[in-house]
There are 2 protein chains.
Amino acid sequence: MQTMGLSRLVLVTPLRFPDADADAMAAGADAILNAARVAASLDEALAGATLAIGFSARAREFAGTVLPVRAAMQEALRYAASGDVALVFGTEMSGLSNAELSRCQIVATIPAVSDFGSLNLAAAVQVAAYELRVAAHGDRVWTAPAFEPATQEEIELLFEQGERALIAIDFLRPAHPKRLLPRLRRLFSRARLEKEEVNILRGILARIEERVQNGWRK
Amino acid sequence: MQTMGLSRLVLVTPLRFPDADADAMAAGADAILNAARVAASLDEALAGATLAIGFSARAREFAGTVLPVRAAMQEALRYAASGDVALVFGTEMSGLSNAELSRCQIVATIPAVSDFGSLNLAAAVQVAAYELRVAAHGDRVWTAPAFEPATQEEIELLFEQGERALIAIDFLRPAHPKRLLPRLRRLFSRARLEKEEVNILRGILARIEERVQNGWRK
């Protein structure tokens, strides 16, 4: 929850709370656990919510709107603009009962293989929290440090020098060029060269041309 | 892994393997653990792979292509059509080293809050496996049992009967209808009525009309 930016946890009739094992496992996110609210019933927990989304791995006869978790979290975000939205999870052993699911306007389900379909509670919460985060903030991520990209002109100069060098070492025969240059173009184009890389490659090529001119002597 | 349809686990120099604790926690997915391969180095583990995707929560100076996990798993699927793809995770304590990440063509990262950004290993694997599943199979889910939807004609008959009933109980005054009927239309249109629900509602309305005609006597 904390990693994904969620903070409000409500526990409905927990067997034990507070609990030393839970504290130990919270690993730095104990603020959420310490601030958790305990409710005497699901109805009490949901009293202020304008939308409740229940999670279930199994089809239920009286399920209303059933959505994949991705679409359900987008809907959660839409409603969160005007009120509290509750994500409702059942127990590790048996999930939500039909009576509990009937309190939810949307049933969310997480895609899984059909013959081994039930996630652990923590895993289901993780996927839901992740989808909510992506729905809210997109999935832009830190980018690699910005090395300066090479310009088209720099790259063309590299290709020209490369062609000269390949001819010089007798690897490319101008009369029968085959597909060599287009293949190399494709490779370096895909790599999206940076300025410094162009300089390194041109340095290597210059060294080759120099060695050829000197008859490969030391 | 098993819930999301993955089966091949490779462990690089594990501290203990096999391990009784791991067996106990596998909870029905012990087939994956039993078939896990142990490799003496990351290079050995990756030898047959045509694409390696490393997971990291932090920016790295020499990271190559950095993608959010969703885009990275789509790329994984594309490469899986022609070879083995490896998803590479570091240790719980410190993640992947720079040397390990340099073996990976893509760095995948999972969106998270910036000041508490690191997921547990199991949580990160869960999100990756989930995104891979959605990339491969879409996120269609079981649908609610198919109750037969009502036809437009049935719904119009319901609205006509409803209007009569509302007039009969003096709630709707035809001279000053206000926005009552459009609001009710909007509600029931949103609910996408089923045949049986229309029948139930018409039964209720018929009962109201009957009681009005009888002067509300018992």
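Quick note: the coordinates plus some simple rules give every number you see, no bench work behind them. None of these values were measured; they are calculated from a predicted model. Virtual Cβ from ideal backbone geometry, glycine too; neighbours counted across all protein chains shown.
Residue by residue through the range B:205-216, note down the ones that are of a type outside the set (D, E, K, R) and surrounded by 11 or more Cβ atoms within 10 Å (Cβ to Cβ). Can you show your working first?
Looking only at the range B:205-216, we keep the residues that are of a type outside the set (D, E, K, R), and these are B:205-206, B:208, B:212-216.
Within the range B:205-216, B:Leu205, B:Ala206, B:Ile208, B:Val212 qualify.
Picking from residues in the range A:118-176 that are within 20 Å of the chain's Cα centre (by Cα) and among the acidic types (Asp, Glu), the one that is nearest to A:Met73 (Cα to Cα) is A:Glu131. In the range A:1-105, counting only helices (runs of 4 or more DSSP H) that sit wholly within it, the ones holding 1 or more residues that are within 14 Å of chain B (Cβ to nearest Cβ) span A:20-26, A:30-34, A:69-80, A:98-101. Regarding the range B:34-44, can at least one residue be identified that is closer than 24 Å to B:Ser118 by Cβ and exposed (fewer than 12 other Cβ atoms within 10 Å of the Cβ)? Looking through the range B:34-44, none of the residues is closer than 24 Å to B:Ser118 by Cβ and exposed (fewer than 12 other Cβ atoms within 10 Å of the Cβ).
Checked against the criterion of being within 11 Å of chain A (Cβ to nearest Cβ), buried (at least 20 other Cβ atoms within 10 Å of the Cβ) and in contact with a Gly (Cβ under 8 Å, 6 or more places away or on another chain), the range B:133-140 contains one or more residues that satisfy it.
The number of residues in the range B:189-204 being assigned to a loop (DSSP other than H, G, I, E, B) and surrounded by 13 or more Cβ atoms within 10 Å (Cβ to Cβ) comes to 1.
Cβ separations smaller than 6 Å between residues 6+ apart or across chains give no pair from the range B:95-111 residues that are closer than 20 Å to A:Met1 by Cα to residues that are surrounded by fewer than 16 Cβ atoms within 10 Å (Cβ to Cβ).
Scan the range A:147-188 for residues that are of a type in the set (S, T, N, Q), surrounded by 11 or more Cβ atoms within 10 Å (Cβ to Cβ) and assigned to a helix (DSSP H, G or I) and jot them down. Passing the criteria: only A:Gln161. Applying the set (1) more than 21 Å from A:Thr3 (Cα to Cα); (2) surrounded by 15 or more Cβ atoms within 10 Å (Cβ to Cβ); (3) basic (Lys, Arg) to A:Arg78 leaves exactly one unmet item: (2).
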